[in-house]
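In what follows, a single structure is set out as structure tokens and then discussed.
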Amino acid sequence: MKPDLFQAPDYYLLDDLLTEEHKLVRDAARAWVKKEVSPIIEDYAQRAEFPTQIVKGLGEIGGFGPYIPVEYGGAGLDQISYGLIMQEIERGDSGVRSTSSVQSSLVMYPIWKYGNEEQRMKYLPKLATGEMIGCFGLTEPDFGSNPGGMVTNFKDKGDHYLLNGAKMWISNAPFADIAVVWAKDERGRIHGLIVERGMEGFTTPETHNKWSLRASATGELIFDNVKVPKENLLPNKSGLGAPLGCLDSARYGIAWGAIGAAMDCYDTALRYSKERIQFDKPIGAFQLQQKKLAEMITEITKAQLLTWRLGVLRNEGKATSAQISMAKRNNVDMALTIARDARQMLGGMGITGEYSIMRHMMNLESVVTYEGTHDIHLLITGMDVTGFPAFK
Ligand code: TGC
Ligand code: FAD
């Protein structure tokens, strides 16, 4: 793979909107990605393997629980710093950002928000350093966009719960130490349970043959009469709103992350367009290539502004779930379009692992599907503006 020469586009001088702390956090994450992710990630993606050696570093740059309070081992940062870290990590690879998103927003967040103090102290500090890795089980074979229909369930057996069912498409599952699992009780109410590797009847088979997110491990969670101790139930929130609340935090991070992938594709295509000569001119001198680059930088700039504003609203506690949906949907679609155009600008070279673009493009096909598909987010916006849910 070519050396990482990334230079971040900032067409509207958005750095002026950031504090010194935001810039320090972002620059540390950017430098770490250049040193630790860029040189190895193509190789790991080609081999369909997660690079476990980067886990410690992810913890050190605040990639695990950036906004979780310091007393629980988190970095105690604000929502814009959280977003900037996600942007930089996904600039390297969406699969690495997935590991960070799942650990932060889908495992640490529910334990912090819905757990009790013993659960927080037991799990959060180890999750923050990467000493422990978690995964999040919501999706099932027959319930993806409609998680409320889930059939995974647990029964109260007096001194423990008995868990049965299956989850699929679970990021980090094959190597996770714990899983935050969403299941129905005997009354059909959804609760979160912390299931630990090693509990009898709990297995995590890996999902193979993915063309996307190849450097991220995906798997199933199978529960065959798993005895879960009663103290592993998250006591402070139940109902579908509990897992969906975690998704708000993860979707917000993805909205920033997608900008990172888009910036990397744009930067690569821009540099290539100045170096590649055809018909005695750099291809960047042709109007058709300039149109692509002009559209890319326009869309990246719009996405940066949308996301920065959303971060301010989240810092003020005013962002709605529907606003987060709009940013996730817009930014991932924007990044996917840019990746496809950038890939074309590199001609044949664009399909090789010499450049990051094709990997980003394939990764983004998962990002546009997980955490709520492109169409589900459109329906969320539609419901928000009309008041009519069109899901069913
Ligand atoms: P609905 O009746 O609308 O809502 C049920 C309850 O939930 C509340 N709620 C929310 N709460 C917090 N945050 C949100 N975003 C919320 N959206 C809804 C709602 O107020 C209600 O509360 P209550 O108290 O009245 O019960 O539910 P529905 O069954 O009609 O479904 C709505 C729909 C389709 C929007 C929802 O199911 C949905 O978002 N589906 C998409 C599923 C999804 O995103 N799955 C993601 C799985 S995890 C994943 O992909 C991780 S990838 C990780 C990585 O690698 O980065
Ligand atoms: P379906 O729900 O079957 O949707 C198929 C198509 O139908 C989509 O285009 C969808 O938009 C459309 N559709 C569905 N309902 C409607 C409707 N009402 N109106 C119009 N169109 C509709 N899940 C987890 O719980 N944890 C994870 O860690 C996790 N990681 C993932 C990692 C990867 C790589 C992938 C690919 C997925 C992951 N997921 C995870 C699952 C992901 O969230 C689901 O794939 C996603 O929610 C969509 O569900 P589905 O694949 O079952 O598609």
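The values are calculated or read from the model by the stated rules, or taken from the named source; none is laboratory data. Here the structure is a predicted model, which means the values were calculated and not measured. Here the Cβ is made from the backbone with ideal geometry for all residues, glycine too, and neighbour counts use every protein chain on show. Surface areas here come from the heavy atoms of the whole protein model, side chains and all, with no ligands, DNA or RNA. Shrake-Rupley method; radii C 1.70, N 1.55, O 1.52, S 1.80 Å.
Quick notes on this one:
- When the residues of segment 90-113 are filtered to those that are away from ligand 2 (no atom under 16 Å from the Cβ) and not basic (Lys, Arg), the one that is least open to solvent (accessible area, probe 1.4 Å) is 92.
- Selected residue (only one of 275, 316, 295 is farther than 30 Å from residue 348 by Cα and over 22 Å from the mean Cα position of the chain (by Cα)): 316
- Pairs where the first residue, in segment 267-289, is of a type in the set (Asp, Glu) and the second is open to solvent by 60 Å² or more (accessible area, probe 1.4 Å), C-beta under 7 Å, 6+ apart: 267/7
- From the list 349, 263, the lone residue that is crowded, with 20+ Cβ neighbours inside 10 Å and in the same structural domain as residue 372 (by TED's automatic domain parsing) is 263.
- Filtering segment 117-147 to residues that are farther than 11 Å from residue 178 by Cβ and within 12 Å of ligand 2 (Cβ to nearest atom) leaves 138, 139, 140, 141, 142, 143, 144, 145, 146, 147.
- The sole residue among 147, 243, 141 that is touching a residue at least 12 places away in the same chain (Cβ under 8 Å), within 22 Å of residue 376 (Cβ to Cβ) and open to solvent by 40 Å² or more (accessible area, probe 1.4 Å) is 141.
- Qualifying residue in segment 57-66 (condition: outside the structural domain of residue 220 (by TED's automatic domain parsing), under 21 Å from residue 237 (Cβ atoms) and either away from ligand 2 (no atom under 16 Å from the Cβ) or open to solvent by 10 Å² or more (accessible area, probe 1.4 Å) (or both)): yes
- Segment 172-187 - residue that is touching a residue at least 12 places away in the same chain (Cβ under 8 Å) and over 23 Å from the mean Cα position of the chain (by Cα) and, of those, surrounded by the fewest Cβ atoms within 10 Å (Cβ to Cβ): 186
- Residue check for residue 305: closer than 21 Å to residue 89 by Cα and open to solvent by 20 Å² or more (accessible area, probe 1.4 Å): yes
- Subset of segment 1-24 [in a helix (DSSP H, G or I) and closer than 19 Å to residue 261 by Cβ]: 14
- Members of segment 196-218 found to be assigned to a loop (DSSP other than H, G, I, E, B) and surrounded by fewer than 19 Cβ atoms within 10 Å (Cβ to Cβ), listed by number: 197, 198, 199, 200, 201, 205, 207, 208, 209, 210, 211
- Residue in segment 188-195 that is part of a loop (DSSP other than H, G, I, E, B), more than 21 Å from the chain's Cα centre (by Cα) and in the same structural domain as residue 160 (by TED's automatic domain parsing) present: yes
- Where helices (runs of 4 or more DSSP H) fall wholly inside segment 275-392, the ranges with 2 or more residues that are touching a helix residue (DSSP H, G or I) at 6+ places or on another chain (Cβ under 7 Å) and within 16 Å of ligand 2 (Cβ to nearest atom) are 321-345, 357-367, 374-386.
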